[in-house]
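S.K.: Take a look at the following structure, please.
The values are calculated or read from the model by the stated rules, or taken from the named source; none is laboratory data. Just so it is clear, the model here is predicted, and its values are computed rather than measured. Reconstructed Cβ throughout: ideal geometry from the backbone, glycine too, with neighbour counts over all protein chains shown.
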Amino acid sequence: MDTPIKYYSTNKQSSTVSFREATIKGQAPDKGLYFPDRIPQLREDVIANFRNLTKEELAYLTIRPYVGGDIPDTDLYKICSETVNFDFPLVQITDSISSLELFHGPTLAFKDVGARFMSRCLGYFSKNEKQKVTVLVATSGDTGSAVAAGFLGVEGVDVVILYPSGKVSKVQEQQLTTLGHNISALEVQGTFDDCQAMVKQAFADAELTSRMFLTSANSINVARWLPQQFYYLYGVQQWQGETPPVICVPSGNFGNVCAGLLAHVSGMPASHFVIACNDNDTFSGYLRTAAFTPKDAVPTISNAMDVGNPSNFVRILELFGHDHQRISQLIHSYTVSDDTTRETIASVYKDHHYLLDPHGAVAYHALEQYLSAHPQYRGFILETAHPVKFPDVVESVTGTHIEIPDSIRGLMAQQKKATLIPPHYAALKDYLTARL
Ligand SMILES: *Cc1c(COP(=O)(O)O)cnc(C)c1O
């Protein structure tokens, strides 16, 4: 038995920790991101037997080394099964491009897998704590709904979500405010930045944190990041082709693509990676010049990718030993404008009767460009959200009405429950302490 994997901080100023501690802490005290101290290799028999494994088995075998024994095998297997209990179909669109659909989970976007896995790990770790864990999240939309759905019913964990009043879509608001049970929503009379500042102040409040076990469900948490490797394995498992696929990932904070690269370094076959960005394309500058210059985010129609300073970029550097040459040999990046995104949704629907969401369309166009320069390959995109989450864009460019899934229809009929508060920390603190 190898020694368990430990996690070091990418800033190298904090001590290394176990999976358990990294999950509970989220971010390292020196503000770095936790990174595994070695990359486990997929066993040869696992790779040889790939197609015969169930998705539960594949998830479990992939994540087990990273958990380092902090969760017993039977519990971990159960957590994996619950995390992936929906479909991840690879759907062919053209001869050379397929779509790995990651939107069949409860909130219709790929963040469900990470949120479900993390919530169950945290639930497990908090079992032996005397105090309940309270997860505080500020959201501008999708993250909050994936976290809320992921933590629903997890024992020993309460979730408090802050969202800016009037600034999330109706579907998103319903997803945040109708679950009840251990999920509470605070409707803040301010902006997303106000919500985020209030949450940060709570974590920094020593008096409060001495009385409450507070944690975050931020996307840099290793328990949200690492299980994203599963998608790539499922995609490659379903892949029919002589050469391994080119994999194209629509990217914002780069957590998703970095998980794919990690799986590849562990032995998962792939011919190449393509990172698809909207106008927020800091990474393409890095590929060109080897210098990384964060920019302010600009708004686009693929808004989950509107990130000017992708927090997981540092994990890509770490994974390849800061070797720009290795990175630029394995990865291409393309920038796709809103106009091209709209044209792509329209033309793929017209020519192939496949409905892309704006994020998937950015990826489709990027992969098409790469394959036209490298015709010896074929590949797949990660379709990260259901088109019904973006009805305005998708319906206007295709001229077609999107059928609303039953799950969303049921949701819209439910009663919203949220507590309206002013955008000040004192209001959040009063709310939290009243619950003690
Ligand atoms: C979060 C998100 C992305 C970006 O993923 P990162 O891991 O931040 O790169 C892409 N598409 C959708 C629909 C998302 O919700």
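S.K.: Of all residues being in contact (Cβ under 8 Å) with a residue 60 or more places away in the chain and among the aromatic types (Phe, Trp, Tyr) in the range 41-68, which is surrounded by the fewest Cβ atoms within 10 Å (Cβ to Cβ)? Just the residue, please.
M.R.: Only one residue fits best here, namely Phe50.
S.K.: Mind listing whichever residues of the range 74-122 are touching a strand residue (DSSP E or B) at 6+ places or on another chain (Cβ under 7 Å), within 16 Å of the ligand (Cβ to nearest atom) and either over 22 Å from Ile408 (Cβ atoms) or assigned to a strand (DSSP E or B) (or both)?
M.R.: Across the range 74-122, the qualifying residues are Ser99, Leu100, Glu101, Ala109.
S.K.: Okay, next question. Kindly list the number of the only condition in (1) more than 13 Å from the ligand (Cβ to nearest atom); (2) in contact with a helix residue (DSSP H, G or I) (Cβ under 9 Å, 6 or more places away or on another chain); (3) touching a residue at least 24 places away in the same chain (Cβ under 8 Å) that fails for Val249.
M.R.: Condition (1) is where Val249 drops out.
S.K.: Within the range 276-297, can one find any residue that is surrounded by fewer than 24 Cβ atoms within 10 Å (Cβ to Cβ), β-branched (Val, Ile, Thr) and assigned to a helix (DSSP H, G or I)?
M.R.: Yes, the range 276-297 contains a residue that is surrounded by fewer than 24 Cβ atoms within 10 Å (Cβ to Cβ), β-branched (Val, Ile, Thr) and assigned to a helix (DSSP H, G or I).
S.K.: Let me ask something else. Can you name every residue in the range 395-412 that is outside any loop (DSSP other than H, G, I, E, B), modelled with pLDDT under 90 and either touching an Asp or Glu at 6+ places or on another chain (Cβ under 8 Å) or of a type outside the set (Gly, Ala, Ser) (or both)?
M.R.: Residues of the range 395-412 outside any loop (DSSP other than H, G, I, E, B): 395-398, 406-412.
Still in the list and also modelled with pLDDT under 90: 406-412.
Those that are outside any loop (DSSP other than H, G, I, E, B), modelled with pLDDT under 90 and either touching an Asp or Glu at 6+ places or on another chain (Cβ under 8 Å) or of a type outside the set (Gly, Ala, Ser) (or both): Asp406, Ile408, Arg409, Leu411, Met412.
Table: residues versus (1) charged (D, E, K, R); (2) in contact (Cβ under 8 Å) with a residue 60 or more places away in the chain; (3) in contact with a strand residue (DSSP E or B) (Cβ under 6 Å, 6 or more places away or on another chain); (4) outside any loop (DSSP other than H, G, I, E, B).
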{"site": "Val137", "(1), (2), (3), (4)": "no, yes, yes, yes"}
{"site": "Ser140", "(1), (2), (3), (4)": "no, no, no, no"}
{"site": "Ala146", "(1), (2), (3), (4)": "no, no, no, yes"}
{"site": "Val154", "(1), (2), (3), (4)": "no, no, no, no"}
{"site": "Val168", "(1), (2), (3), (4)": "no, no, no, no"}
{"site": "His181", "(1), (2), (3), (4)": "no, no, no, no"}
{"site": "Ser184", "(1), (2), (3), (4)": "no, yes, yes, yes"}
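S.K.: OK, next. Scan the range 410-430 for residues that are farther than 10 Å from Met198 by Cβ and surrounded by 15 or more Cβ atoms within 10 Å (Cβ to Cβ) and jot them down.
M.R.: Scanning the range 410-430 gives Leu411, Ala418.
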